[in-house]
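Only one structure is covered here, and it is reproduced in the block below.
Please treat every number below as a calculation from the coordinates, not as lab data. Bear in mind that the values here come from a model prediction, so they are computed numbers and not experimental data. When we count neighbours, we look across all protein chains shown, and the Cβ atoms used for this are built from the backbone with ideal geometry, even at glycine.
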Amino acid sequence: MEENKGNEKFKTVQNPGAYKASYKIEDSQKTKSGFGRTILVPFFSGVVGCAVVVGTCFGVPSIREKILNNNVSSSSSSSSSTSGLVDQVSLSNYSDTAVFAANKILPSIVGIKIEYNVTSNIPFFGNSSQSTATATGSGIIISEDGYILTNNHVVSSSESESYYQVSEATKVTVTLFNDKTEYEAKIVGTDEETDLAVIKIDKTDLPKAEFADSDSIKVGEFAMAVGNPLGMQSSITCGVVSAVNRKVTDSDGKEYTLIQTDAAINAGNSGGALVNSEGKVIGVNTLKLTGDGVEGMGFAIPINSTTDITSQLIQYSKVKRPYIGITGMELDSETANRYNLVEGIYVKDVETFSSAEKAGIKIGDVIVEADGKQVKTMDELNEVKNSHQIGDEIKIKVNREGQEKELTIKLGEQP
């Protein structure tokens, strides 16, 4: 509804609150004049002011740089959220990590050369000849006075076949980082079960490697393999920790619990170090998988599992382990049923004067339980045994002619 009050027009609007309110409509002449004063003048003044400010800012390099950088950053961030792209990441930090780790560990890694005598037998002719062979490996300096940790298979590669025989190492030499001198080393101790060995050179003030806590490493973290692959001393390869506590069985049927990495490990890397981003040793390089379609599957012995072995090798030249003294055969359900026996470990032989003999174990017994745990394989029995010390007593349950019998074994020392 409209009302005329002089030259002014009013429009009444019905308010939802049930009362009337009016607002004024100016006539056309007054509206033009008021609009110019109240709107146009301030607007153009603002435009001029902005132009002056922007011009000034772009005239000052530091301010211009900040504005442009902010715009680029904002644009990049916006692009990331809408297109799925991510901001560029500098690889300089990764490079710096590798450089730091390499510089720290390389002085503590040595090259090892081993010499053997090889006797060749020519079939059908009865002739034999002798020659010298060499092999290479790597090692980790573990003390300032010359003790070096490496793999057993690096320094103890004696083997024989029908047409040749390789002797024990006749000479072991060590080459230090940035030092071409060959230092003769002696073998302090070896342990075939863990594939570890310790050798020593007559030199002091050596750069001892620093160990990390291998129990705390995580899948995906940085890993660097350092060693002497194919005789190329002081080589590094980088990757990550691919897996931890990986169960791996070697060609001789021995099972190891290892760190898996995709850092390249090649022949000659054995005995070298696997290190973390701080250049601290997390493992001893020992195995790799080879074959068609296999790539980037190397393995290292966790360094935490080597410390007790190393100290025993230095002190006793061997590892002292608890011992039972039997030769066993594993019986699966099919074999057990065939011979009217039970699943477990069939005792084929008992060593004279062994802990097993003293405890009353007899040939023909089937071991079914140890320390209250069911055992069906020699590995399971050895796992129970190795959790104890020499001199400890463990309970063994055997099945003898269909009757179960519990025996107590006092563990002896492995000869």
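Coupling constants for segment 400-413 follow from the phi torsions by the Karplus curve (6.51 cos²θ - 1.76 cosθ + 1.60, θ = phi - 60°), and in residue order they are 10, 6, x, 10, 7, 9, 9, 10, 10, 10, 9, 5, x, 9 Hz; glycine and proline get x.
Compute the length gained on full extension between Lys104 and Ile363: take 0.36 nm times their separation in residues and subtract their Cα-Cα distance, giving the result in nm to one decimal.
Full extension of this stretch gives 87.6 nm more.
Close amide H partners of Glu182, meaning residues 5 or more places away or on another chain with modelled amide H under 5 Å apart, do not exist here.
Modelled spin labels at Thr170 and Val240, positioned 7 Å past Cα toward Cβ, are 4.8 nm from each other. Amide H contacts of Met297 (H built 1.01 Å from N, in plane; Pro and chain starts excluded): Leu289 sit under 5 Å, all sequence-distant by 5 or more or on other chains. Annotation: extensible slack from Ser95 through Glu115 equals 3.4 nm (criterion: 0.36 nm per residue apart, minus Cα-Cα distance). Projecting the Cα positions of Ser387, Gly412, Val366 onto the charge dipole of segment 360-415 (unit charges on Cβ atoms of Lys, Arg, Asp and Glu, taken about the Cα centre) puts Val366 furthest along the positive direction. Model label sites at Ser216 and Ala267, defined 7 Å from Cα along the beta-carbon direction, differ in position by 3.9 nm. Which of the residue pairs Lys203/Lys410; Lys288/Lys410; Lys320/Lys373 have a Cα-Cα distance greater than 32 Å in the structure shown? Too far apart for the 32 Å limit: Lys203/Lys410; Lys288/Lys410.
Exposure proxy ranking for Ser143, Ser234, Ser387, based on other Cβ atoms within 10 angstrom of each Cβ and starting from the fewest, stands as Ser387, Ser143, Ser234.
The alpha carbon centroids of segment 337-412 and segment 224-303 are separated by 36 Å. If you plug the beta carbon distance of Thr204 and Asn340 into 1/(1 + (r/R0)^6) with R0 = 51 Å, you get a FRET efficiency near 0.15. Taking θ as phi - 60° and the Karplus parameters 6.51, -1.76 and 1.60, the scalar couplings of segment 181-186 work out to 5, 9, 9, 6, 10, 10 Hz in sequence order, x denoting glycine and proline. The amide H of Gly227, built 1.01 Å from its N in the peptide plane, has Ser234, Ser235 as neighbours under 5 Å, considering only residues 5 or more places off or on other chains. For segment 247-400, a simple Cβ point-charge model (Lys and Arg +1, Asp and Glu -1, everything else neutral) yields a dipole of about 460 debye relative to the Cα centre. For the listed peptides 273-279, 294-300, a ranking on the average number of other beta carbons within 10 Å per residue, highest first, reads 273-279, 294-300. Magnitude of the charge dipole for segment 103-316, about its Cα centre and with charges confined to Cβ atoms of Lys, Arg (+1) and Asp, Glu (-1), is about 340 debye.
Think of each Lys and Arg Cβ as +1 and each Asp and Glu Cβ as -1; about the Cα centre, that makes the dipole of segment 322-413 roughly 240 debye.
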